[in-house]
Amino acid sequence: MSMIEVKAMTAPETAAFLRQQLGPIVAWDDWLSDRRRGRGDPLADFDLQPCASLKSRCRRPVYAIKDIVEFIRSVRRRHPTAQPGIKPSVLTIKLDSEDCRSWRMRPPTPACAAA
């Protein structure tokens, strides 16, 4: 068995880095979780999968930096609008401050206008 050192990032760090580099084209933490389970749409020709898991209280996936970089290049080739510096879209909505129910139980709220 030969051991090699690989630079890697945890799943939350990977999701934050993808958002920084590609913008909010998807919810990156959810997308990574879906891809680990074999669900979700592939966004690029290169499928980003964990290279290992960290041993702690439960197994945590880690992603190799070289794989993350290749994935970012592949996404940018397929989706030219995915670029760093994309600002998140902010909605203005109306909420009933007297309604103390959970957000799941409240009726859907339409967006008023982009801020």
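The values are calculated or read from the model by the stated rules, or taken from the named source; none is laboratory data. Remember, predicted model here, so these are calculated numbers, not experimental data. Glycine also receives a Cβ, built like all others from the backbone with ideal geometry; neighbour counts cover every protein chain displayed. Note: areas computed on protein heavy atoms with side chains; ligands, DNA, RNA excluded. Shrake-Rupley method; radii C 1.70, N 1.55, O 1.52, S 1.80 Å.
Here are a few things to note about the model shown:
- Of the residues making up the stretch 64-81, those that are out of contact with any helix residue (DSSP H, G or I) (no Cβ under 8 Å at 6 or more places or on another chain), outside any loop (DSSP other than H, G, I, E, B) and farther than 17 Å from T10 by Cβ number 5.
- Checking L95 against (1) open to solvent by less than 60 Å² (accessible area, probe 1.4 Å); (2) closer than 30 Å to T109 by Cα; (3) of a type outside the set (D, E), the condition it does not meet: (1)
- Of all residues in the stretch 1-42, those being in contact with a helix residue (DSSP H, G or I) (Cβ under 8 Å, 6 or more places away or on another chain), open to solvent by less than 60 Å² (accessible area, probe 1.4 Å) and charged (D, E, K, R) number 0.
- Cβ pairs under 8 Å, 6+ apart, first in the stretch 86-115 and over 25 Å from V26 (Cα atoms) and of a type in the set (D, E), second surrounded by 10 or more Cβ atoms within 10 Å (Cβ to Cβ) and modelled with pLDDT of 75 or more: D96/R106; D99/R106
- Failed item, numbered, when P61 is tested on (1) touching a Ser or Thr at 6+ places or on another chain (Cβ under 9 Å); (2) part of a loop (DSSP other than H, G, I, E, B): (2)
- Pairs where the first residue, in the stretch 24-45, is at negative phi and aromatic (F, W, Y) and the second is open to solvent by 70 Å² or more (accessible area, probe 1.4 Å) and outside any helix (DSSP H, G or I), C-beta under 9 Å, 6+ apart: W31/D41
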